[in-house]
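Colleague: Handing you a structure now.
The values are calculated or read from the model by the stated rules, or taken from the named source; none is laboratory data. These numbers were taken from a predicted model, which means no experiment stands behind them. Cβ sites come from the backbone with ideal geometry, for glycine too, and all protein chains shown count toward neighbours.
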Amino acid sequence: MAEETLEAIARALVAPGKGILAADESTGTIEKRLKSIDVESTEDKRRDYREMLFTTPGVGDHISGVILYDETIRQSSRDGVPFTKILQDAGVIPGIKVDKGAKALAGAEGETITEGLDGLRERLTEYRELGARFTKWRAVIVIDGDKIPSAYCIHVNGHALGRFAALSQEAGLVPIVEPEVLMDGIHTLERCYEVTEATLQAVFNELFSQRVVYEGMLLKPNMVISGKECPQQATPEEVAKATIRCFSGVVPAAVPGIVFLSGGQGDEEATANLNAMNALSAHPWELSFSYGRALQAPSLKAWKGEDANVQAGQEALAHRARMNGAARDGSYSAELEKELAAV
Ligand code: 13P
């Protein structure tokens, strides 16, 4: 990239037709993913899997950036080429997850606080030297009845997101601020709306107080959606309208982009919901994706941990990236899904 200001990096990450691949599963999470295809999680297998993803032909066509994990940003392909170089050569910006996970929040049963602030300034300097140009921190907000989330949980997680974002910008890294309201549970779309609105309000209060420059950050939220076990499941149009209405009141227009997480939605569902939002009338931010499972699931299944299936795994990733690229301007459809899947 010619220009490396925070704003230029943020804008490049939400360039038209493109979005982010979240491949920053911690060692524990990737173990679960690999187990689902009966593959043991060794360092070599984790490397093979990420190499398969990152060397997908044309990966940069619809993927603007990849979020890496600490182990992954230090790894190289079997041929010895650093993953960061493979990505840069493909026109993809490397990023890094910098939080150390959600831990039990003292005095608040069932709720968590994300840790990782101690020593963060030094870690950020090292990550930038390794090639990262953006960072991610995920806060987790659970919905359970009327009492959870507590104002306490929302406040401390918002504060930590502010600390993370300010330190990232100081280090010349674009922070992706991720307050995830989980979709697990029986709650309605209306309850998700209320919690998402309160969470985003608290997060932006902290970002403002802690002098974070909105133009040089991205927001990675959940969509406003029905709980997974809610009997009444909202349509993509309902999700789109509720999400945009919620965000219009609380997300400053100066934020260049909103890059949604998939959070356990099916891969085609996540694409259809993003598409429905982009098909609505104009909004001030780019609306894009930063999907983990919704981009990787078909690829992981096709790969099955075997060298012979690398091409099949890559085709599956390229397909989902193309579909989500189409959802960036509202031109995705079920017909397109079938048409291109058949190619
Ligand atoms: P999912 O899209 O699988 O929710 O992952 C996105 C992510 O990066 C969660 O932190």
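Colleague: Taking the condition of being within 15 Å of the ligand (Cβ to nearest atom) and part of a loop (DSSP other than H, G, I, E, B), how many residues in the range 9-32 meet it?
Modeller: Residues meeting the conditions: 4.
Colleague: Of all residues in the range 213-250, count the ones that are buried (at least 21 other Cβ atoms within 10 Å of the Cβ) and within 16 Å of Ala165 (Cα to Cα).
Modeller: Total meeting the criteria: 6.
Colleague: Then there is this: Does Arg211 qualify as being more than 18 Å from the chain's Cα centre (by Cα) and closer than 20 Å to Tyr152 by Cβ?
Modeller: No; evaluated as a whole, the condition is false for this residue.
Colleague: Between a first residue in the range 92-116 that is closer than 19 Å to Thr199 by Cα and more than 15 Å from the ligand (Cβ to nearest atom) and a second residue that is outside any loop (DSSP other than H, G, I, E, B) and of a type in the set (Ser, Thr, Tyr), which pairs have beta carbons less than 7 Å apart while being 6 or more apart in sequence or on different chains?
Modeller: Close Cβ pairs (under 7 Å, with a partner that is outside any loop (DSSP other than H, G, I, E, B) and of a type in the set (Ser, Thr, Tyr)) amount to Lys103/Thr112; Ala104/Thr112; Leu105/Thr112; Ala108/Tyr152.
Colleague: Find the helices (runs of 4 or more DSSP H) located wholly in the range 235-343 whose residues include 3 or more that are within 16 Å of the ligand (Cβ to nearest atom), within 27 Å of Arg50 (Cβ to Cβ) and of a type outside the set (Gly, Ala, Ser), and list them.
Modeller: 267-279, 293-303, 310-327
Colleague: Turning to a different aspect of this structure: So is Asp61 over 20 Å from Leu173 (Cβ atoms) and either in contact with a strand residue (DSSP E or B) (Cβ under 7 Å, 6 or more places away or on another chain) or surrounded by fewer than 21 Cβ atoms within 10 Å (Cβ to Cβ) (or both) or not?
Modeller: For Asp61, the condition - over 20 Å from Leu173 (Cβ atoms) and either in contact with a strand residue (DSSP E or B) (Cβ under 7 Å, 6 or more places away or on another chain) or surrounded by fewer than 21 Cβ atoms within 10 Å (Cβ to Cβ) (or both) - is met.
Listed here are the residues, each with its yes/no results for (1) modelled with pLDDT under 95; (2) in contact with a Phe, Trp or Tyr (Cβ under 9 Å, 6 or more places away or on another chain); (3) not basic (Lys, Arg).
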position	(1), (2), (3)
Gly80	no, no, yes
Ile96	no, yes, yes
Asp99	no, yes, yes
Lys103	no, no, no
Glu109	no, no, yes
Glu115	no, no, yes
Arg121	no, no, no
Tyr127	no, no, yes
